[in-house]
Amino acid sequence: MNLDFTAIIPSIPYILKGIGVTLQITIGATIIGFIVGILLALCKIGKITALRWFADIYTSIFRGTPLVLQLMIIYYAVPQLLDIQIDPVPTAIIAFGLNSSAYISEIIRAGINAVDKGQQEAAMALGVPYRKMMKDIIIPQALKNILPSLMNEFITLNKESAVVTVISALDIMRRAYIVGGATYRYLEPLLVAGLIYYIMTLVLTFLGKRIEKGMRKSD
């Protein structure tokens, strides 16, 4: 095999700097996805027909079209329509956040529906307002049940963030590609990038299990 990592060793710190960009995109998108996802889930289980339709259409669009298409529309089409310029990282956070919210909303909706209906009926019988009931009783219990699914979505988002290379965001993958172009050796930096993603996935999986274990102990 014609592998020679000596040529790219000096560039490994440059590739590693992409971890910060990748985490920035992943964490930012997760926050947006979680907030919007909760709102969408509440719309889906609510009694207002227009909001249910909106949430269902939103989810259908973002789950039914490629993520890279959504990313490129925000990066290229929005500046064209609004005559503004968006940097790659904020674009990625917005695109990934909106996309992730469609999946998270379904996870949260399923978690809310899995909570014993008797608790909701009891809260309503005691005169607890709907908003307070959802915030203090239903959603906290649902989150405990769906934590593994949410962590899986977070890990998936971390790996899928590699597609931001198409808009030249300097994440791990983009930096590996740049190193490959500079050294005329693409396989070695791509293998390094793959190892970084793999280690990040292992760490996030471990943290997810620790958080889940801690929440179970708090029951």
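Taking (1) over 30 Å from Ile199 (Cβ atoms); (2) without any contact (Cβ under 8 Å) to a residue 60 or more places away in the chain in turn, Ile38 satisfies each apart from (2).
Just one residue in the set Pro140, Pro148 is out of contact with any helix residue (DSSP H, G or I) (no Cβ under 8 Å at 6 or more places or on another chain) and either assigned to a helix (DSSP H, G or I) or closer than 23 Å to Leu16 by Cα (or both); that residue is Pro140.
Restricting attention to the range 41-59 and to residues that are of a type in the set (A, V, I, L, M) and in contact (Cβ under 8 Å) with a residue 24 or more places away in the chain, the residue that is nearest to Met200 (Cα to Cα) turns out to be Ala41. Return yes when Leu147 is touching an Asp or Glu at 6+ places or on another chain (Cβ under 6 Å) and either of a type outside the set (Asp, Glu) or closer than 27 Å to Arg109 by Cβ (or both) and no when it is not. Criteria met by Leu147. Being modelled with pLDDT of 85 or more and under 30 Å from Phe206 (Cβ atoms) is true of Ala162.
No other residue among Tyr58, Tyr130, Tyr75 is surrounded by 13 or more Cβ atoms within 10 Å (Cβ to Cβ), modelled with pLDDT under 90, aromatic (Phe, Trp, Tyr) and over 22 Å from Gly208 (Cβ atoms) apart from Tyr130.
For the range 31-47, the set of residues classified as more than 16 Å from Phe96 (Cβ to Cβ) and in contact with a Phe, Trp or Tyr (Cβ under 8 Å, 6 or more places away or on another chain) consists of Cys43 only. Evaluated against (1) within 29 Å of Met200 (Cβ to Cβ); (2) surrounded by 15 or more Cβ atoms within 10 Å (Cβ to Cβ); (3) at pLDDT below 95, Ile32 falls short on exactly one condition, (3). Find the residue count for the range 154-175, including only residues that are more than 18 Å from Ala102 (Cα to Cα), in contact with an Asp or Glu (Cβ under 9 Å, 6 or more places away or on another chain) and part of a helix (DSSP H, G or I). Counting residues in the range 154-175 that are more than 18 Å from Ala102 (Cα to Cα), in contact with an Asp or Glu (Cβ under 9 Å, 6 or more places away or on another chain) and part of a helix (DSSP H, G or I) gives 3. Contact map, the range 85-96: residues that are free of Cβ contacts under 8 Å to residues at least 24 places away in the same chain and buried (at least 17 other Cβ atoms within 10 Å of the Cβ) paired with residues that are in a helix (DSSP H, G or I) and of a type in the set (Gly, Ala, Ser), Cβ distance under 7 Å, separation 6+ or inter-chain. No pairs are found.
The values are calculated or read from the model by the stated rules, or taken from the named source; none is laboratory data. Keep in mind that what you see is a predicted model, and the values were worked out from it rather than measured. Neighbour counts are summed over all protein chains in view; Cβ atoms, including those assigned to glycine, are modelled from backbone coordinates with ideal geometry.
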